[in-house]
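Structure first, commentary second.
The values are calculated or read from the model by the stated rules, or taken from the named source; none is laboratory data. What you are looking at is a predicted structure, and each value in this text was computed from that prediction instead of being measured. Because the Cβ atoms are built from the backbone with ideal geometry, glycine has one as well, and the counts that use them run over all protein chains shown. When the accessible area is computed, the model is the full protein with side chains, heavy atoms only, and any ligands, DNA or RNA have been set aside. Shrake-Rupley method; radii C 1.70, N 1.55, O 1.52, S 1.80 Å.
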Amino acid sequence: MSQDPIFNLDEAMARVDDDRETFEMMVDLFVEHGPKDLADAKTALEEHNAEGVARSSHRLKGALLQFCAPAALQTCKTLEETAKAGDLSQAEELCSHLEQELLRLLTALRHERDKGLAA
């Protein structure tokens, strides 16, 4: 697991013009859809469908960009790029690492959202 910051709150807030309500809404959407995109990528991998892995990874990458989550984003980019090239030889390992990073991110985002709701 990475020791890098899980995500950059200041940059993520700047992307929504420091609107806490919008940030919390984005967190809620990501909590709902992020794991589904990863599950779709894993299903595509089980089917040896490189195009499906690339497509699901691309969707997830777009969401990760909003939260400035470097470790998860880099792993997702690598997964997308290798799948686009038709190479699934490292996809299982990348999916596993991405799943770990996604869990770290989801935990951190939920924590940050809950702090805001308690305020």
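Since SER96 meets every condition but one in (1) farther than 19 Å from PRO5 by Cβ; (2) in contact (Cβ under 8 Å) with a residue 12 or more places away in the chain; (3) assigned to a helix (DSSP H, G or I), which condition does it not meet?
So the condition that SER96 fails would be (2).
Would you say LYS61 is surrounded by 13 or more Cβ atoms within 10 Å (Cβ to Cβ) and either under 15 Å from VAL31 (Cα atoms) or of a type in the set (Ser, Thr, Tyr) (or both)? Write out each step before concluding.
Numbers: surrounded by 13 or more Cβ atoms within 10 Å (Cβ to Cβ): yes; either under 15 Å from VAL31 (Cα atoms) or of a type in the set (Ser, Thr, Tyr) (or both): yes.
Answer is yes for this residue.
Among (1) surrounded by fewer than 16 Cβ atoms within 10 Å (Cβ to Cβ); (2) outside any helix (DSSP H, G or I), which single condition is HIS33 missing?
Going through (1) surrounded by fewer than 16 Cβ atoms within 10 Å (Cβ to Cβ); (2) outside any helix (DSSP H, G or I) one by one, HIS33 breaks only (2).
Of the conditions (1) touching a helix residue (DSSP H, G or I) at 6+ places or on another chain (Cβ under 6 Å); (2) open to solvent by 60 Å² or more (accessible area, probe 1.4 Å), LEU73 fails just one. Which one is it?
(2)
Of these, ALA39, ALA83, which one is surrounded by 15 or more Cβ atoms within 10 Å (Cβ to Cβ), in a helix (DSSP H, G or I) and aliphatic (A, V, I, L, M)?
Working: ALA39 fails: surrounded by 15 or more Cβ atoms within 10 Å (Cβ to Cβ).
Unique residue meeting the criteria: ALA83.
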